[in-house]
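What follows is calculated from the coordinates using simple rules that are stated; it is not laboratory data. Remember, it's a predicted structure, so these values are computed and weren't measured experimentally. Positions of Cβ are generated from backbone atoms using ideal geometry, with glycine treated the same way; all protein chains shown enter the neighbour counts.
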Amino acid sequence: PFDRAYGMDMRRYVSLTGSWMGLVLPADLTPFPDPAGPMEHAHDFAAVSTYVALGANVPDEVLAGFRAFKGERVLRRPITASRTATAWLAHSVMIGGEITHHTVGANPTSGQFHPATIHWRVPGGEVGWVRLYASPPCDAEAGKETLTITAAAAGDFVFRISAPGLTVAPISREHWLLPGLTVSIETDAGAFTVSSVEGIIEVRYTGATRFVFRTIVPPPGLPADVARVEPTGQLTDLLETAGERCGFFPFGVSAEAASRAGVLVTTQPVHP
């Protein structure tokens with residue numbers, strides 16, 4: 001999560017942290033936009049000359065972590081006595097959440113506090129992201145493959161999603177079928193709407209106090225828009241009707257019924 005951030009992809013805007021990292025990392029590993037082109041938040045670039053003069057002294061073990069992923073892990077870091085940052089880091093997915101003891105929420109007016117985030121690697125090498133854009137005071141906690149958000153009182157929650165080529169079509173109340181990532185959602189929200197705002201997908205849940213997001217990454221070798229899921233009771237019934245037991249909806253089961261059962265629907269053939 002971010003107590004203060006100007007965006008969700010540091011390759012798209014100039015940040016002080018990205019500038020400093022660029023002094024010790026090759027360009028392909030530096031989270032920084034191409035200086036030859038337009039750069040959002042470009043005025044922070046003025047700080048680079050001071051960083052060059054000062055230099056960057058990065059411990060070897062930290063530098064190694066910047067150069068190569070060191071393994072899946074859950075992190076928990078105190079910020080203050082009442083606020084804690086949590087994160088789950090995996091090879092192709094990162095989840096972040098900040099616990100505030102229900103004292104702070106996401107506020108579009110300021111826009112810099114991102115209490116709940118998901119980043120993932122999109123097929124082709126791009127980065128997709130999800131952020132909690134607006135909410136009542138809430139807690140967000142990251143765990144292995146999960147993000148849990150709670151509020152003391154019911155309110156409206158708005159999430160923004162960005163990924164190349166993403167449209168509103170694969171976004172439903174309980175499942176987001178994203179390029180390279182499937183997210184299932186459990187919530188007590190009373191209503192749900194989805195729209196596209198300047199190329200960003202905006203998802204609104206009203207009257208909610210609780211969310212549990214579960215992320216699923218397609219296994220290697222399968223199409224990017226296919227993910228294996230644990231069969232639910234409804235899915236098991238569907239599969240038994242079709243005479244098969246597997247994690248994918250079989251031929252003969254309608255795509256609409258499979259989607260309601262929590263299965264990612266694809267038009268591509270799957271060969272386990």
If R0 is 41 Å, what FRET efficiency do you get for Asp156 and Phe45 from their C-beta distance, rounded to 0.05?
0.65
Fully extended contour minus Cα-Cα distance, from Leu23 to Glu198, at 0.36 nm per residue:
59.6 nm
Obtain the nm distance between the two label points defined at Arg4 and Arg67 by a simple spin-label model: each point lies 7 Å from its Cα along the Cα-to-C-beta direction.
3.2
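Taking R0 as 45 Å, what FRET efficiency do you get between Ile79 and Thr206 from their Cβ-Cβ distance, rounded to the nearest 0.05? Can you show the working numbers first?
On the way: r = 29 Å, r/R0 = 0.66.
With R0 = 45 Å, the Cβ-Cβ based efficiency is 0.95.
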Could you calculate the FRET efficiency of Glu145 with Ala36 from 1/(1 + (r/R0)^6), where r is the beta carbon distance between them and R0 is 51 Å, rounded to 0.05?
0.85
The stretch 36-133: C-alpha gyration tensor shape, a/c 1.5 cut-off, then a/b vs b/c
rounded
Checked the stretch 168-217 against the a/c 1.5 cut and the a/b vs b/c comparison, axes a ≥ b ≥ c from its Cα gyration tensor; verdict oblate
Dipole-positive endmost among Leu54, Phe32, Val104 within the stretch 1-123 (Cβ charges, Cα centre):
Val104
Prolate/oblate/rounded label for the stretch 1-49 (Cα gyration tensor, a/c 1.5):
rounded
³J(HN,Hα) across the stretch 27-36 via Karplus (A = 6.51, B = -1.76, C = 1.60, θ = phi - 60°), whole Hz, x for Gly/Pro?
4, 6, 10, 8, x, 7, x, 5, x, 6
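For Ala169 and Arg11 in the same chain, what is the full-extension length gain: residue separation times 0.36 nm, less their Cα-Cα distance, in nm?
Stretched out fully, the Ala169 to Arg11 stretch lengthens by 54.2 nm.
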Under the Karplus relation 6.51 cos²θ - 1.76 cosθ + 1.60, θ = phi - 60°, what is the ordered set of whole-Hz ³J(HN,Hα) values for the stretch 179-196, x standing for Gly and Pro?
x, x, 7, 10, 10, 9, 10, 10, 7, 9, 4, x, 8, 9, 9, 9, 8, 10
Amide H partners (placed H, <5 Å) of Leu178, local residues excluded
Val183
Long-range amide H contacts for Val122: which residues qualify at under 5 Å (H placed 1.01 Å from N, peptide plane, sequence gap of 5 or more or a different chain)?
Val127, Gly128
At what distance in angstrom do the alpha carbon centres of the stretch 180-214 and the stretch 94-131 lie from each other?
13
Can you list the residues, at least 5 places off or on another chain, whose amide H is less than 5 Å from the amide H of Cys138, using H built in the peptide plane?
His102, Thr103, Val104, Gly105
